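So the structure is just underneath, and the comments pick up after that.
The values are calculated or read from the model by the stated rules, or taken from the named source; none is laboratory data. All of these numbers come straight from a predicted model, not from anything done at the bench. Every residue, glycine among them, receives a Cβ derived from its backbone with ideal geometry; neighbour counts consider all protein chains shown.
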Amino acid sequence: MARTRRPTMADVAARAGVSLSTVSLTYSGAGPLTAETRAKVERAAAELDYAGPSPHARALRSGRTGVVGVVIHERLQLSFRDPLMLRIMDGLVGDLGQMGLGVLLIPTPTGEPGERSLLDTAAMDAVVLLRVRDHDDEPALDILRRRGLPTAVVEGEPPAGAGVVLIDDRTATAELIRHLRDLGHERIGTITLPAGVDGTTRELTLDEAFAQTAWTPVHHRLRAFEDAGVAPCVVVEARASTVGEGLAAAQIALGHEARPTALVCQSDLLAGGAVLAARERGLEVPADLSVTGFDGLDLPWIAPLEITTQLQDGEAKGHALAALVKALLAGETPEPVTLPLTFRPGTSTAPPRG
């Protein structure tokens, strides 16, 4: 049986009695076409069962792929267990879809010799980096500089011409620390976000934490202790921003000889894990241990306890990233976008017992 030929744009033009360029303008959405002409082309296309221009042909004509790369800096199984990350992706992917752009998820390159990274080879119009190191050894940025791809980053030091979405997490964390200090806490520890992709949950000195941590928000939230005039009595890095790793990290912190009466956790998921660790040790939150978080997530499984935290809007962050991508693809150099944070007092903090 002979294979049925796929209808072409030329077939639609002939059926509608218009030029080929008129059909092209109908599908591109560009150019001054009357509603009557557009309807004539659409009717001819429907009669021929014409699905639209070939994506490959469109890409060749426009020089665009219709794809935005999104670099994930954690294992996917960890990253997408974080409700904040899901909210960011929801805002970002939804807006890009409205712009006719798809998303390619890309594992972060390690920079190891001989590595074959998708970021090196994939056809993309722009790239979003969800985490950026604040050192000069960020492999992803090296690749993007070499390829010259438009880039938007989250909470990091952007390369020249890139867009960036920021939050003032250093000031916000200092506010949480001062809140604990004003309640009377003197032995305040901290549980940090992971230093890298393949870290471990472990105790660090403050100097070690600064030396080994490459992600900007971790540095900001540690520097906040200096701003608040408080030295953390114990620092524990979590392998990932999950409840389980928060529980493991808090067990290390609560077993430390400093015996912290409060823990500043760099995410609400870590804070939720700290609450569980306290309960396992027979400690009452907040009477025996005060806990703060970051992000403003709902944790119904610790109800009626509510985490004292800094609220950020993940979906708004995704919308802002998509707007940066749009501006970059239009050839613009967008200004940095700083999103607000809101202190949300909960019931997880109180004056230390005794």
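Brief remarks on what is shown
- Candidates in the range 263-277 are the residues that are over 20 Å from HIS219 (Cα atoms) and crowded, with 22+ Cβ neighbours inside 10 Å; of these, the one that is farthest from the chain's Cα centre (by Cα) is ALA277.
- Output for the range 278-297, where each listed residue is of a type in the set (Gly, Ala, Ser) and more than 21 Å from the chain's Cα centre (by Cα): ALA278, GLY282, ALA287, SER290
- Qualifying residue in the range 230-240 (condition: within 17 Å of THR200 (Cα to Cα), in contact with a Leu (Cβ under 8 Å, 6 or more places away or on another chain), part of a loop (DSSP other than H, G, I, E, B) and in the same structural domain as ALA211 (by TED's automatic domain parsing)): yes
- One residue from THR151, THR173, THR200, THR216 being outside the structural domain of VAL275 (by TED's automatic domain parsing), in contact (Cβ under 8 Å) with a residue 12 or more places away in the chain and of a type in the set (Ser, Thr, Tyr): THR151
- Out of LEU276, LEU297, sole residue that is hydrophobic (A, V, I, L, M, F, W, C), outside any helix (DSSP H, G or I) and over 23 Å from GLU186 (Cβ atoms): LEU297
- Checked against the criterion of being farther than 11 Å from GLY272 by Cα and either of a type in the set (Gly, Ala, Ser) or out of contact with any Lys or Arg (no Cβ under 6 Å at 6 or more places or on another chain) (or both), the candidates GLY293, GLY314 yield just one match: GLY314.
- Of all residues in the range 327-354, those that are buried (at least 19 other Cβ atoms within 10 Å of the Cβ) and either part of a helix (DSSP H, G or I) or among the aromatic types (Phe, Trp, Tyr) (or both) total 1.
- Condition check for LEU305 on (1) within 20 Å of THR242 (Cα to Cα); (2) among the hydrophobic types (A, V, I, L, M, F, W, C); (3) in a helix (DSSP H, G or I): one failure, at (3).
- The residues listed here are GLU36, GLU47, GLU42; of these, the one that is at pLDDT 80 or above and within 41 Å of the chain's Cα centre (by Cα) is GLU42.
- Selection status of ASP90, more than 16 Å from THR151 (Cα to Cα), at pLDDT 75 or above, surrounded by fewer than 20 Cβ atoms within 10 Å (Cβ to Cβ) and of a type in the set (D, E, K, R): yes
- Once the range 132-191 is narrowed to residues that are exposed (fewer than 15 other Cβ atoms within 10 Å of the Cβ) and at positive phi, the residue that is nearest to the chain's Cα centre (by Cα) is GLY161.
- Matching residues, the range 313-354, being assigned by TED's automatic domain parsing to the domain that holds MET89 and at positive phi: GLY331
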